[in-house]
1. Take every Cα-Cα distance within the protein assembly as shown, group them into 10 Å bins from 0 onward, and report for each bin the whole-number percent of pairs it holds.
2. Between segment A:227-284 and segment B:246-314, what is the separation of their alpha carbon centroids in Å?
3. For segment A:190-326, what number of Lys pairs, 8 or more residues apart or on separate chains, have alpha-carbon atoms under 26 Å from each other?
4. So what is log10(I(q)/I(0)) for segment A:342-444 at q = 0.13, 0.20, 0.24 1/Å, when the Debye sum runs over its Cα atoms only?
5. What whole number of Å gives the distance from the Cα centroid of segment A:464-535 to the Cα centroid of segment A:626-649?
6. Calculate the mean, over all residues of peptide A:632-642, of how many other protein chain Cβ atoms lie within 10 angstrom of the residue's Cβ.
7. List every residue whose amide H lies under 5 Å from the amide H of A:Val540, counting only residues 5 or more places away in sequence or on a different chain, with H placed 1.01 Å from N in the peptide plane.
8. For B:Arg78 and B:Arg156, what is the calculated FRET efficiency with R₀ set at 25 Å and r taken between the beta-carbons, to the nearest 0.05?
Amino acid sequence: MHKLGVDIGGTFTDVVLTDTRTLHSEKVLTTPGAPELGAIKGIETVLQKTGVSLEDIAVITHGTTLAANSIIQRKGAKTAFITTKGFRDVLEMRYEKRFDQYDLNIKLPEPLVPRQFRFTINERCQASGKITVEPSELEVNKVARTLLAEKIEAVAIGFIHSYVNPKNEQFVAKVLRSCLPSNVTICTSFEICPEAREYERFSTTVANSFVRPLMISYLNNLSKSLRKNGFTGSLLLMSSDSGITTVNQAKRTPIRLVESGPAGGIILASQIARTLKENKVVSIDIGGTTAKICYLEKGRAIRSRNFEIARSQVGKKGSGLPLRIPSVDLLEIGAGGGSIAYVDDIGRIRVGPESAGSSPGPACYSLGGNKPTITDSNLLIGRISKEFFSAEDIVLDKILSEKAIKDHIQSPLRFKSSQWAATGIIEVAEDFMANSVRAHGIELGKNISEFTMIASGGGGGLHAVGIAKKLGIKKIVIPKMAGVGSALGFLYSSVNYQIAQSVLQELMTINWTFLKRTTKKIMNKAMKILKELSIPETTVNLSIEVELRFKGQGHQLIIPVKDEFQDLNSLAKIQKIFFQKYKKKYGFLMPGVPVELVTLLVSCKRKEAKMTSDKAEYSPQSSSQKEISSPIFDYESQGWKQFTSIDRKSLMVGYEGIGPKIIREKQTTTIVPLGWKVTIHKAGHLILEKENENEKR
Amino acid sequence: MKSANLIANNVFWDQLISVCEEQANALLKVAFGALVREAGDLSAGVFNKEGKMLAQAVTGTPGHVNTMAESVRKILERNPSKELREGDVLITNDPWIGAGHIFDFVVVSPIFLKKKLIGYMASTCHIVDVGGLGWSAEGTSIYEEGILIPVSFLRRKNNIQENLIRIIMVNSRVPHEARGDILSLMSCNDAGIQRLQNLMREKKITSLQPISDFIFSQSLKSMKKKIGELKNGTYENHLSLDGFDQPIRLSARMKISNSLISVDLGKSSKSVLRGINCPLNYSIAYASFGVKAAIAPGVPNNAATLSTIHVKAPSGLIVSAERPHPVTARHVVGQALPDLVLGCLYQVIPESVPAESAGALWTISLSHEGKTSFHSLNVALGGTGARANSDGLSTTAFPSGVGTVPIEIVESGAPVIYYKKEFRENSGGMGRFRGGLGQIIEIGCTKDLPMKMSAAAFEKITVGPLGRNGGKPGEKGCVAISNGKKITNKGTYTIPKGSTVILKTPGGGGYGKPDLRDKKLTELDRENQLVTINRTNK
């Protein structure tokens, strides 16, 4: 059986083919106008090279940045938003907060629907779910006429408190459906995101409508092209929470696909974690513009439902549009190879979030960039070598790096050499990444030093040890084939679908019939999705969880419900577990304050994900192991130090070496300083371990 | 300085700021007040042995952060550091030591390393109720405004002082939440301390002295440089507020010389016998925030940065009220000060100074006492002033750093219902760049009950925020009850059964002459019904 993973990114489309033993990958340019063309081309190329035919492919798993880009570039459907009378501006009022305290010139994100296309209907539901005003058909018809006249392509409906009672939304959707042409998308907030907090719910619903027409036509075209070329297997889509979904489900809620690329990368990390039997893993993917951080436990990524897209300032919370969709809990920060370093107002080195990108790129690209970047710093102090640089047509020029660093960092701060200044840039950047990893871990309540780090992306191997040292992390994995990580990850994906429903009632006095009924309803919804995916129920775990907090708090803890709310006793049991967890996390309890059930969660997860390609053993591509001495400016030694440089391709399984070593390959370079040892795992991954710790074991 | 040290100091400084961020985030998670958790009304910072602020969480709101910069020192005056032991925690809500009113509690924890005291962690947050009149400006002295805790031990050698907590609880209308928030402050300091201790052990550092020296000298140097670029001179500005029931004058005389800025608020009105007085510490906090945001937004806030901006006023004024004057709604005055000092700076750096904003947060405090008592707290925000190169922000807090609580959360917490919360069309001051819009909010009760409403913070209902450089003023605020009664002073009002209250918040002032506005922007405003009438000449 053959499987294909296809990842359409902004620049490249990656295709990975696997039978049970081998992996083949292909990289082609993305075709932005009709992305399916690039995908087909990539698929054809990889099939040609391997002699496999499309008829032999059982499953294609696909992820795309199309939805995300359409939001970032504000190139989506002409969308209208229909909301409760009196609340026309929720989308534009946001949190009514400045995302930067001291910057008097901040720019707020433009809402996806401008005010002229935000309409209101006289209707109201109270917090209790009681409907006090029912919408009139006449009024809806009137709005529909305007929508027709304005040639609106997509409609989002979001009413206050619809997460408790969706009746009014459903009614308005039905009336509009009968008035508008069938190609006009209509989405209700209850269906897309039945959770309290109007701004987040509306924002998510509007974003779904905004990308939906585009995504429907794209998915139709892709399916058609694949069938035309002889594909008879099933096409599955990757969602932001790293679960797979069907084409039909993806067409209903395309917004859930926005982070499919990064989610693929995280699945690969989970896969590696399982292969290496690492229970606690933090994954850091250091790319050209940003670094992405994600925690994984027991081979599973931590997930969240708070996500922000299209930030006007990279890494600034609150400067983007909130999406409440299940996604892998990914923290994206503005630090990557192209991040620009500068000296701020008070003589501190700062790095990012501004990036030189690929054009003009770092100074050393000789494409006109004259600002120093992390890449320039790595080049200058010998950590990157130009022979091993991945972009074919670019020749790195160290002299340009040195000049940029001298002009912008060394001279203003009077460093005694440009190498010292470059070291300063790298230290500050690694510190920023380490702080972000730590802050995110603390938010999740993790003890970071117990974690193993999986470092991928072009900068992964370069900065892994630097970051690990600051965090007390003692083991690092540099995966093989990280260059097509997302597409590769798709191959390991499995079902993982979550439905969240706001409840907001006190736990011990909850409306029992409501709870039972609601649970049943969303369980059925989940079953329906499984059925669509043709996944037998026996291979899936359907689990119920609740989010609880002391009434009045804003943050909740997730507690599993093991007995599906069999009787009233189960509430007391849940409360007890909540108390234990809370005490453990915060050190004290809140006697006298009732516990509130905030959200009901139903998730379906594959019981056990069996990995096919584990059998694939790694074998070195070149047998001659050449070791060359290579000088690197080392912060700890406070000067130049000789590192032994090795080509990764030449390393055999079972290889063991000790620092200082530098392991070079096309996609990245791995630094192994003194005090660390390096081995090659049988699956081909580089394992770095802190030496003395290892001896103690 | 040696290159290696330069890098090490740079990195350690960033780490200190990161410790404070973590401390603030920890607090955000366990806090009870909706204003704290949803809107971010809190702050956290790390201080050196002398009680000087080294770093703060960037999320903190200026009224907390900048007052806290002085609080620690004042707390140490009352409770000398030599009496402090490991596991001790100090607390106070004294307005003249903390953040200007009794609702804000400051919790200070000494940091010990190898049995030696090396510095302090402090955090502040707003606690929903501490008794007295509750949220009201009608008190005529501090004694009516709630319970005041002098600098006391919240924890002594790791023993929580439950008696003290009980005293606070028995005085509060929401005792459990008050307890929870106070303990949260304490535990977020603990988390910060632990992090810092680990960090210092890893680095094998035993004292914060070297990093203090580095942070202070770098900050001082860059602040002086920034101020040095400004034209020396003396610049004056005045501003008029509604006051409790009669106008208040705020007056600033800013002197820029020798790379220092001094602001004399001495010609402002005298303090009054209503709770809108502002203690000097809170005035200093906001006045210096205004100056710093305009001239050096990138310089981190710390003792040295703040030392270059000297704000003063003789005691007894509305900006420097003394005990026992009432101070509950002190932000009415305090949050007007950034616009006041920005008006002085406009004479020096007109391009960096926005027009006037709606200013003080309008605190919406609705309650019913009796068998089915409830209390609902939220804020209503107006527009910010237009900038020299862009429109102002609609319905956004300035100078405060907090935001608003979602309607669905407010309505789930109390039997109140919002009938409207929408942009207030035509409220932004016209100009080459338009002021941000205010909003219209209409609120009633879902139960058949009358509600009590405090108008303590409904400000700028007699004069709208002024424009600059030929820009027009934003629309002034307006508050009325649906039965026809208009709110004319900052007292307490009753919203009768079945009636609603209608709040219209001020729009921000415009910047530049209206006839210079880009035609495309004018057209967009019209299409989006942000401006529906021809107001260019208004």
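Every number here is computed from the coordinates shown, using simple stated rules; none is lab data. If you're wondering where the values come from, they're calculated on a predicted model, not measured in any experiment. Cβ coordinates were reconstructed from backbone atoms using ideal geometry, including for glycine residues, and neighbour counts include every protein chain displayed.
1. Result, from short to long distances: 2, 9, 17, 22, 22, 17, 8, 2, 0, 0 percent.
2. Between the Cα centres of segment A:227-284 and segment B:246-314 lies a distance of 55 Å.
3. Count of close lysine pairs: 8.
4. Rounded to two decimals, the profile gives -0.47, -0.98, -1.27.
5. Cα centres, segment A:626-649 to segment A:464-535: 42 Å.
6. Mean shielding count: 1.
7. Here the answer is A:Lys607, since their amide H atoms fall under 5 Å of that of A:Val540.
8. FRET efficiency, B:Arg78 to B:Arg156: 0.95.
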